[in-house]
Amino acid sequence: MTLSRSLALIPAVGLLAACEMPPQGVTPDDLANFDMAVASIGCDLVSESDYLPVELQTGLTREQVIETAQFRLATDAAVQLDNGGIRLISGPCAPA
């Protein structure tokens with residue numbers, strides 16, 4: 001899956017918002033690791049250079065990272081950015 005296609009999936013949050021369940025195969029520990037990994041790259045998940053370190057730090061696949069980002073959007077733990085990415089606004093990325 002290409003990066004632009006991956007980013008295009010993020011607006012599909014409405015599908016996840018109804019259930020507010022973590023993506024299949026993503027544990028609570030994975031969610032915490034996702035938050036820490038996204039924080040380590042500056043709290044924004046936008047491009048290939050953001051996705052790769054998050055994948056490496058968490059052990060999640062690209063699809064799981066995208067689905068976790070969608071889950072964070074659906075649960076108001078992240079916001080959509082104008083450039084198509086997301087900004088985590090909870091946990092280690094919570095605004096001061």
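The values are calculated or read from the model by the stated rules, or taken from the named source; none is laboratory data. What you see is a predicted model; the values in this text were computed from it and never measured. We place every Cβ from the backbone using ideal geometry, glycine too, and count neighbours over all the protein chains shown.
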When GLN80 is run through (1) touching a Leu at 6+ places or on another chain (Cβ under 8 Å); (2) surrounded by 15 or more Cβ atoms within 10 Å (Cβ to Cβ), the failure sits at (2)
Taking segment 55-96 and keeping only residues that are of a type in the set (Ser, Thr, Tyr), part of a loop (DSSP other than H, G, I, E, B) and within 12 Å of MET36 (Cα to Cα), one is left with SER90
For segment 10-43, give me each residue that is at pLDDT below 95, assigned to a helix (DSSP H, G or I) and among the hydrophobic types (A, V, I, L, M, F, W, C). ILE10, ALA12, VAL13, LEU15, LEU16, ALA17
Qualifying positions in segment 53-77 - over 19 Å from GLU20 (Cβ atoms), of a type in the set (S, T, N, Q) and surrounded by fewer than 21 Cβ atoms within 10 Å (Cβ to Cβ): GLN57, THR61
Restricted to segment 42-74 and to residues being touching a helix residue (DSSP H, G or I) at 6+ places or on another chain (Cβ under 8 Å) and among the polar types (S, T, N, Q), the residue farthest from LEU31 (Cα to Cα) is SER47
If you scan segment 37-71, which residues turn out to be without any contact (Cβ under 8 Å) to a residue 12 or more places away in the chain and among the acidic types (Asp, Glu)? GLU55
Scanning for something within 11 Å of the chain's Cα centre (by Cα) and β-branched (Val, Ile, Thr), does segment 48-63 turn up at least one residue? yes
Within segment 72-96, tally of residues that are among the polar types (S, T, N, Q) and free of Cβ contacts under 8 Å to residues at least 40 places away in the same chain: 1
